[in-house]
Amino acid sequence: MKLSREEFRNWNNKSITLLGMSGVGKTRLANILMKENWFHYSGDYRIGTHYLDEAILDNIKKQAMQVPFLRELLRSDSIFIRNNITVHNLKPVASFLGKLGDPEQGGLPLKEFKRRQRLHHQAEIAAMKDVPSFIDKAQSIYAYQHFVNDAGGSICELDDPEVLDVLARHTLILYIKASKEDEQALIQRAKSDPKPLYYREDFLSEQLEVYMRENNLPFVALIQPDEFVRWIFPKLFYSRIPRYERIAEQYGYTITTEELGRVTDAASFLELVETAIERQS
């Protein structure tokens, strides 16, 4: 959604979609806004609690069934397992995505890894298409005046024009661009604590071929899962930047992590958005 500064200021029920890599401050900002009459819609939370809930539970049950004590309790319906996903605890979603490589180190075979990646891709598309209905719910049910869509870092890789069209028609899209210093901090954080990630299938195939060749590995099962994530993350990070920038140029606006770091309340955030609108006009 493209607006003038005046149109944005007079927009009574503001709806904003936040774009950017995990760690740039999207959820921190959403938490600030929640205290001041903004509804926080987390794409990852919607994915985990609705679209991938059953798949996540099935994965957990498979692991539990490998423990004889738990196996018998599950088979006799003596216990049940459920997800406890919250906006601030999305580990069940990450555990389902998993990491590629050696099963002895918790890695997944390539076929299963790609299957889960496809499921996440479909779930993220569906979660973003749900945004208009949740904008309505935020106002009509929960009486929030404004709405912030905390989108996942992989939204730029969905390659689904309908998603961007839906978000652009119903929200103002705001890309949070990491400064050079913050870029390096995010990369170092990912290397020190490698987490499961979503990859476009063609990107994964291309990079996997390079990794296998560079490390002289004949089989995916020989990959050390954490080492592969550490190796691929910087490449993923820099491959996403032009994608974010194209979305922001065509559909929205850009702010930096340095600018966002100075936001302390809703008023300073709205002032920053107005600055971004003026800068890009």
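Please treat every number below as a calculation from the coordinates, not as lab data. All figures in this text were calculated on a predicted structure; none of them were measured in a lab. All Cβ positions, even for glycine, are placed from backbone atoms using ideal geometry, and neighbour counts span all protein chains on display.
Key figures
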item	result
Farthest toward positive dipole pole in the chain [+1 Lys/Arg, -1 Asp/Glu at C-beta], among Ser192, Ile135, Ala55	Ala55
Radius 10 Å from Cβ of Leu108, net charge of other residues (Lys, Arg +1; Asp, Glu -1)	+3
Other-chain or far-sequence residues with amide H under 5 Å of Lys177's (modelled H)	Ile255, Thr256, Thr257
Three-way shape label, the range 148-227, alpha-carbon gyration tensor, a/c 1.5	oblate
Square roots of five times the Cα gyration tensor eigenvalues for the range 12-274, Å	33, 25, 16
Interchain or long-range residues, amide H under 5 Å from Leu108's placed H	Lys99, Leu100, Gly101
FRET efficiency estimate (nearest 0.05) - Cβ-Cβ, Ile60 to Met34, R0 22 angstrom	0.15
Relative contact order (%) - criterion: Cα under 8 Å, at least six apart; region: the chain	32
GNM flexibility winner over the chain from Lys14, Lys35, Lys99 (Cα, springs under 10 Å)	Lys35
Under 5 Å, built H, 5+ apart or other chain: amide partners of Phe147	Lys14, Ser15, Ile16, Phe39
Test item: Cα-centred dipole of the range 97-213, Lys/Arg +1 and Asp/Glu -1 on Cβ, debye	200
Global form of the range 133-281, assessed from the alpha-carbon gyration tensor, a/c cut-off 1.5	prolate
Overall form of the range 1-131 per C-alpha gyration tensor (a/c, 1.5; a/b vs b/c)	prolate
Nearest-20 debye value, the range 12-274 charge dipole, Cβ charges on Lys, Arg, Asp, Glu	520
Mean residue ellipticity (222 nm) of the chain, computed from DSSP H runs ≥ 4 via -39,500 (n - 2.57), nearest 500	-17500 deg cm²/dmol
Folded to 0 to 90 degrees: helix 131-140 orientation relative to the chain principal axis, Cα	60
Whole-Å distance, taken between Cα centres, linking the range 1-44 and the range 243-281	10
Volume in Å³ per residue [convex hull over Cα atoms, computed for the range 198-281]	132
³J(HN,Hα) computed for each position of the range 114-129 - Karplus, 6.51 cos²θ - 1.76 cosθ + 1.60, integer Hz, glycine/proline x	5, 4, 5, 4, 5, 4, 5, 4, 5, 5, 5, 4, 4, 5, 6, 6
